[in-house]
Every structure is written in structure tokens, then in C-alpha cells.
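Q: Please read through the structure below; I'll follow up with questions.
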Amino acid sequence: MSAYNTNRREFLASTFWMGALAATAGCVANPLKLVEPCGAPMQGFALKPMKKVRVAIIGVGVRGRAALRRIAGLPGTEIAAIADLFQDRVDSEVRWLKNAKKPAPAFAIAGPEGYKRICDSDKVDVVYNVTPWHLHEPIARYAMERGKVALNEVPGALNIDECWSLVETSERMRVPCMMLENCCYGEEEMLMLNMVKQGLFGEITHGEAAYIHDQRLLQFGGRYHTMDGAQDPIKAGRPGWTLDFYSKYPGNHYPTHGLGPVAKYMDINRGDAFDFLVSVESKAASYSHYAKSSFTDWRKDVNVKMGDINTSIIKTKQGRTILLELAACTPRPYSRLNLVSGTKGMAMGYPDFRVAFEDKAGDGRAHGFKNAAETQALRNKYRHPIWKAAGEIAKKVGGHGGMDFIMDLRWTYCLQNGIPLDTDVYDLAAWSSMVDLTRRSVNNNSRPIDCVDFTRGAWRTAKAFSIDEMDMSKLPLGIEDAKRDAEVDAVARQEGFI
Ligand SMILES: NC(=O)c1ccc[n+]([C@@H]2O[C@H](COP(=O)([O-])OP(=O)(O)OC[C@H]3O[C@@H](n4cnc5c(N)ncnc54)[C@H](O)[C@@H]3O)[C@@H](O)[C@H]2O)c1
């Protein structure tokens with residue numbers, strides 16, 4: 001039993017659980033699924049098909065603006081509403097829609113509470129939440145309470161209570177809540193998921209996951225508004241919202257880019273579950289070294305609490321291990337590690353996909369990676385069906401090499417065809433809970449901390465992740481329709497993700 005507030009939840013769950021199961025005679029509105037073991041109430045849950053998916057984008061900063069422009073081009077979707085703190089950001093996206101000859105949104109609202117009017121209306125189906133981290137849970141909860149599908153940027157929630165709040169709201173309202181973990185849709189990640197599922201690496205015993213991205217310039221360059229809503233933090237003399245978090249708390253603030261794909265390789269919440277972790281953090285030096293040597297204004301004195309490198313090890317209930325790392329301010333090129341290791345072989349990448357197997361089956365030696373030609377042959381053979389179907393278009397549209405596009409294509413496809421979203425609120429909670437759990441371990445001299453089972457035991461019976469496929473003939477989307485947005489592209493290049 002974990003120490004965090006799980007008693008009450010487990011008690012409530014035990015009664016809710018029976019009711020929910022009885023009410024739905026299984027798990028889904030989709031009768032084809034009734035005979036399958038479904039796990040927790042929202043595992044395998046699907047809504048009725050939506051002919052047109054009406055999307056509200058809440059937060060049109062750098063990420064939200066890119067999302068809006070991608071989604072507006074997807075067949076069967078419409079940008080029905082836009083909200084942001086700042087009028088100029090809202091106006092710019094309304095203008096963009098007009099120039100792109102897309103329908104005008106029913107709502108375009110500036111201000112901190114505009115999302116409420118949007119969620120209260122019957123003109124949107126999906127609330128796509130691209131706001132700062134502390135607003136992910138309140139906005140998603142508000143949206144679900146009004147029957148809207150809630151899609152949260154990463155991390156989906158900031159602490160254990162927020163995770164429980166989203167789990168309970170999604171279950172109570174019977175609406176899906178998913179985290180927009182785009183790295184689960186990366187070309188290498190999906191290739192590796194396919195190879196894992198085909199059994200190429202044997203029994204999986206270990207994974208490595210990270211977010212290694214030198215963000216010193218990004219964090220001090222004035223691009224994030226302050227927690228109290230000043231658009232220009234440099235003029236305001238206060239850190240932007242991300243740096244504000246880093247200056248207050250240690251721990252892994254951004255665990256899910258690396259962890260999401262590894263959790264899928266291991267069927268976390270669907271046959272396995274996170275058990276406990278230890279988290280160790282280095283001293284904090286790089287941000288302040290950079291700030292002191294680069295600025296003469298208030299920024300030189302910003303005191304960052306988050307250490308340079310946070311390293312955690314998670315043990316799973318089935319005895320696997322996961323190395324989880326965050327290094328967001330050291331002079332180190334971008335990587336997510338993305339390593340999976342099993343009894344027959346291993347693979348790693350992004351970047352530089354590499355793969356190794358036993359030299360000969362059963363000879364107990366794997367001393368080298370496959371050469372370039374062999375690796376390419378494996379890439380071709382095991383390319384994920386979705387990348388086979390939509391990879392060319394995705395690369396043309398872009399967004400972290402096309403994975404952002406694949407992610408948006410996929411959830412719209414699921415909603416349009418009445419099938420469950422690829423991940424659910426339990427995945428959001430388990431992956432995002434690492435923000436809180438790593439901090440607790442660091443603050444307790446790196447002692448082991450129990451993970452929280454948000455499925456309340458249902459991980460034992462839930463159906464494993466599958467290789468999802470897409471019938472592109474149902475999506476009238478051709479390569480000729482695919483285009484990059486020059487403005488979004490330029491910002492992505494500047495910020496180091498493309
Ligand atoms: N998945 C990825 O690859 C990826 C990449 C970048 C950012 N992100 C995530 O996207 C989110 C946004 O990041 P960003 O870089 O775009 O930050 P940003 O600061 O550029 O954008 C956030 C936007 O939210 C708006 N906002 C703040 N409060 C609001 C409110 N009450 N109502 C409506 N809008 C509000 C802000 O005005 C701002 O425009 C974060 O959660 C971040 O972690 C994910």
C-alpha cells in the first residue's frame with residue numbers, strides 16, 4: 001500500500017467499480033469488446049463515432065499554435081474554439097484560420113477563465129489543453145465535468161492528488177482523458193514497439209528513458225510568460241512559468257517523453273505496473289553558471305532548485321527495471337535514450353536507432369550492433385503500420401519529425417471511428433505521477449518511494465497494448481494536402497526540436 005491517499009481512493013473505487021462494471025456490462029459502448037478482459041472502467045473505453053470532431057485549443061503559445069495549425073488540416077476536424085491569456089495570440093490564430101480559408105471558431109476568448117465558457121457550450125467535443133503545467137488538471141477536470149473529451153499536454157498532471165482527480169473524473173463522467181505524449185508516436189518508438197510485440201527481443205527486462213535537452217537559452221530567453229501573467233518576463237523581472245517551477249522544486253519535472261514509449265513496451269497498466277522507485281539528483285550548477293556568465297540583469301541571480309541531472313530507477317511489479325533521466329540544462333545534445341532490452345536482444349534510439357541480437361541464437365554473445373544495411377532492412381521490415389500508412393505525409397507536415405502529426409491523426413481517427421484512444425487516464429496518471437514521486441524520493445535522501453496503482457489492481461487483467469493500425473482509406477488525406485507551416489517551423493528550429 002502506498003503512503004499517498006490511496007486508502008480513500010481504494011475504498012471509493014471498490015464500490016464505484018462494481019457499479020461501473022454492472023452499468024456497462026463490461027467496459028465499452030462497443031459491443032464487440034464485451035467478451036474481452038477490460039481491466040479498469042476506462043481501459044478499452046470508446047465513445048460513439050463522431051462524424052466531425054470539434055476541437056477547442058486552450059492555450060495558443062508555441063505548442064498550442066502548432067497544434068491548432070496541424071489539427072485544422074485534418075479531415076473531419078474543425079477548430080471550434082480558441083482560448084489564451086493574451087488577446088494578440090488569440091487574434092493571430094483567428095487570422096490564420098481565416099487566411100487558410102477554414103471556418104471561423106465559435107469562440108475566440110482571451111483571459112484566464114475563457115476556457116470555462118467554451119467547456120460550458122455544446123459547440124465543442126474535445127478540449128485540447130496546451131496551457132502551463134499547473135492548469136492541466138483544473139482545465140481537464142472542468143472539461144470532463146461538462147462531457148468533453150480531455151486531451152492534456154505533458155505532463156498530464158503535477159502530483160498524485162491531481163492524477164487521482166483526473167482518474168476519478170474520467171470514470172465518473174465516462175469520458176476519455178488522454179495525455180498528448182507525442183513521443184509514443186515517434187518513428188523509432190513505434191518501430192521498436194512493433195519489434196517488441198513481434199517478440200524480437202524476447203522477454204523484456206529493462207528499459208531506459210530520458211529527456212535530455214539543453215534548454216538554458218530557452219528558459220532564460222524570455223519566451224514563457226510569468227506565473228502571474230506578465231507576457232514578457234525579462235521586462236517584468238521575474239522568471240517565466242517553467243523556470244518558476246525549476247526554481248522551487250527538485251525532481252523530474254518532465255518524465256513522460258522517455259517513459260511513455262518504454263511503458264508501452266512493457267505493457268505498464270496492462271500486465272505490469274510501476275512498483276517503486278528511487279531518485280537521485282545532482283547538484284544544481286548549469287543554469288546558474290549560464291545565467292551568471294550571460295546576463296547582467298535580475299536573471300544572473302535566479303536560484304534554480306532543480307539539480308542538473310535527475311536519475312531515477314523504477315522497479316515494476318513483474319520485476320523489470322527502468323532508468324529514467326532528466327537533463328534539461330547541461331550542454332548535452334538532445335536524446336530520449338529510448339532503450340529496450342530483453343532476453344534475445346536490444347534496441348535503442350532516438351537518435352540513431354541501433355539494434356543488437358545474440359550473434360547466433362543461443363550462443364550467449366551479442367557483441368556488436370547490426371551494421372547499417374542490416375539495420376535498414378530491419379527498419380523496413382518492422383516499420384509500424386501507421387508510419388507505413390501516413391509516414392510520408394507526416395514528414396511533410398513535420399512537428400518533431402512528424403510524430404506530432406501522427407499523434408493528432410491517430411486520436412482524431414479513433415474518435416471518428418468509435419474506437420478507444422491509444423492510452424487512457426490511468427496511463428496519464430502513472431506516467432505523470434513520476435513528477436511527484438521523484439521529488440518525494442529526492443527530498444527523502446533518495447529513499448525508495450512506492451508508486452501508485454491508479455488501476456486499483458486492474459493492471460492484472462487489462463488487455464495488453466496492441467499494434468494499432470489505421471485504415472487510411474477512411475481518411476481522405478493525400479500527400480498533396482500535406483504542408484509545413486513556415487512560422488511554426490521557424491520557432492521549432494530555434495528551440496531545437498524539429
Ligand atoms: N509534447 C511536446 O513535444 C511539447 C513541446 C512543447 C511544449 N509542450 C507542452 O505544452 C504546454 C505548453 O507549452 P508551450 O511551450 O506552448 O508554452 P507557452 O507558454 O508558449 O504556451 C502556453 C500558453 O497557455 C496560455 N495560457 C496560460 N494560462 C491560460 C489560461 N488560463 N487559459 C488559456 N490559456 C492560457 C498562455 O498565454 C500561453 O500562450 C506545456 O504543458 C508543455 O509541457 C509539449
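Q: Please pick out the residue among 395, 474, 483 that is touching a helix residue (DSSP H, G or I) at 6+ places or on another chain (Cβ under 9 Å), away from the ligand (no atom under 14 Å from the Cβ) and without any contact (Cβ under 8 Å) to a residue 40 or more places away in the chain.
A: 395
Q: Might you let me know whether the range 405-420 holds any residue that is surrounded by fewer than 24 Cβ atoms within 10 Å (Cβ to Cβ), in contact with a Cys (Cβ under 9 Å, 6 or more places away or on another chain), closer than 24 Å to residue 152 by Cα and in contact (Cβ under 8 Å) with a residue 60 or more places away in the chain?
A: yes
Q: Among the residues of the range 432-455, is any over 30 Å from residue 312 (Cα atoms), of a type outside the set (Asp, Glu) and not in a helix (DSSP H, G or I)?
A: no
Q: Considering only the range 213-228, state which residues are within 14 Å of the ligand (Cβ to nearest atom) and either among the acidic types (Asp, Glu) or in a loop (DSSP other than H, G, I, E, B) (or both).
A: If the condition is that a residue be within 14 Å of the ligand (Cβ to nearest atom) and either among the acidic types (Asp, Glu) or in a loop (DSSP other than H, G, I, E, B) (or both), then 213, 215, 221, 222, 223, 224, 225, 227, 228 are the ones that fit.
Q: Moving on. Among the residues of the range 69-88, which ones are closer than 11 Å to residue 57 by Cβ and either assigned to a loop (DSSP other than H, G, I, E, B) or more than 24 Å from the chain's Cα centre (by Cα) (or both)?
A: Of everything in the range 69-88, just one residue is closer than 11 Å to residue 57 by Cβ and either assigned to a loop (DSSP other than H, G, I, E, B) or more than 24 Å from the chain's Cα centre (by Cα) (or both), namely 72.
Q: Can you tell which of 243, 218 is at pLDDT below 95 and closer than 24 Å to residue 84 by Cβ?
A: 218
Q: Of the conditions (1) aliphatic (A, V, I, L, M); (2) more than 10 Å from the ligand (Cβ to nearest atom); (3) not in a helix (DSSP H, G or I), residue 109 satisfies every one except a single condition; which number is it?
A: The failed condition is (2).
Q: Which of the following residues is crowded, with 21+ Cβ neighbours inside 10 Å, touching a Lys or Arg at 6+ places or on another chain (Cβ under 6 Å) and under 22 Å from residue 157 (Cα atoms): 263, 273?
A: That would be 273, the only listed residue that is crowded, with 21+ Cβ neighbours inside 10 Å, touching a Lys or Arg at 6+ places or on another chain (Cβ under 6 Å) and under 22 Å from residue 157 (Cα atoms).
Q: Something else now. Looking at the range 240-284, which of the residues that are within 23 Å of residue 329 (Cβ to Cβ) and among the acidic types (Asp, Glu) is nearest to the ligand (Cβ to nearest atom)?
A: Looking at residues that are within 23 Å of residue 329 (Cβ to Cβ) and among the acidic types (Asp, Glu), I get 244.
Q: Against the definition (buried (at least 17 other Cβ atoms within 10 Å of the Cβ), at negative phi, touching a Pro at 6+ places or on another chain (Cβ under 7 Å) and among the aliphatic types (A, V, I, L, M)), how does residue 149 come out, yes or no?
A: Here the answer is yes, as residue 149 does meet what is asked.
Q: Here's another thing I want to ask about it. Can residue 100 be described as within 13 Å of the ligand (Cβ to nearest atom), small (Gly, Ala, Ser) and over 21 Å from the mean Cα position of the chain (by Cα)?
A: Spelling it out, it is not the case that residue 100 is within 13 Å of the ligand (Cβ to nearest atom), small (Gly, Ala, Ser) and over 21 Å from the mean Cα position of the chain (by Cα).
Q: What are the residue pairs meeting all of these: first residue in the range 104-116, first residue without any contact (Cβ under 8 Å) to a residue 40 or more places away in the chain and under 15 Å from residue 131 (Cα atoms), second residue among the polar types (S, T, N, Q) and more than 8 Å from the ligand (Cβ to nearest atom), Cβ atoms under 6 Å, and 6 or more apart or on different chains?
A: Once the first residue is without any contact (Cβ under 8 Å) to a residue 40 or more places away in the chain and under 15 Å from residue 131 (Cα atoms) and sits in the range 104-116, its partners that are among the polar types (S, T, N, Q) and more than 8 Å from the ligand (Cβ to nearest atom) give 110/87.
Q: Right, here's the next one. In the range 431-443, how many residues are out of contact with any Ser or Thr (no Cβ under 9 Å at 6 or more places or on another chain) and more than 21 Å from residue 267 (Cα to Cα)?
A: Summing the residues that are out of contact with any Ser or Thr (no Cβ under 9 Å at 6 or more places or on another chain) and more than 21 Å from residue 267 (Cα to Cα) in the range 431-443 gives 2.
Q: Scan the range 426-447 and tell me whether some residue there is over 20 Å from the mean Cα position of the chain (by Cα), surrounded by fewer than 21 Cβ atoms within 10 Å (Cβ to Cβ), more than 16 Å from residue 67 (Cβ to Cβ) and among the charged types (D, E, K, R).
A: Scanning the range 426-447 turns up at least one residue that is over 20 Å from the mean Cα position of the chain (by Cα), surrounded by fewer than 21 Cβ atoms within 10 Å (Cβ to Cβ), more than 16 Å from residue 67 (Cβ to Cβ) and among the charged types (D, E, K, R).
Q: Suppose we filter 400, 384 for residues that are in contact with a Cys (Cβ under 9 Å, 6 or more places away or on another chain) and of a type outside the set (D, E, K, R); which single one remains?
A: Among 400, 384, only 400 is in contact with a Cys (Cβ under 9 Å, 6 or more places away or on another chain) and of a type outside the set (D, E, K, R).
Q: Give me the residue from the range 177-226 that is among the polar types (S, T, N, Q) and buried (at least 22 other Cβ atoms within 10 Å of the Cβ) and, out of that set, nearest to residue 151 (Cα to Cα).
A: 182
Q: Out of (1) in a helix (DSSP H, G or I); (2) more than 16 Å from the ligand (Cβ to nearest atom), what's the single condition that is false for residue 420?
A: Just one mismatch for residue 420, condition (1).
Q: Taking strands (runs of 3 or more DSSP E) that fall entirely within the range 121-212, which contain at least 1 residues that are under 21 Å from residue 337 (Cα atoms) and within 15 Å of the ligand (Cβ to nearest atom)?
A: 177-179, 204-212
Q: Against the condition modelled with pLDDT of 95 or more, of a type in the set (D, E, K, R) and under 30 Å from residue 128 (Cα atoms), how does residue 410 come out, does it pass?
A: So residue 410 fits the description; yes.
The values are calculated or read from the model by the stated rules, or taken from the named source; none is laboratory data. What you see is a predicted model; the values in this text were computed from it and never measured. A quick note on method: Cβ atoms are made from the backbone with ideal geometry, for glycine too, and the neighbour counts reach across all protein chains shown.
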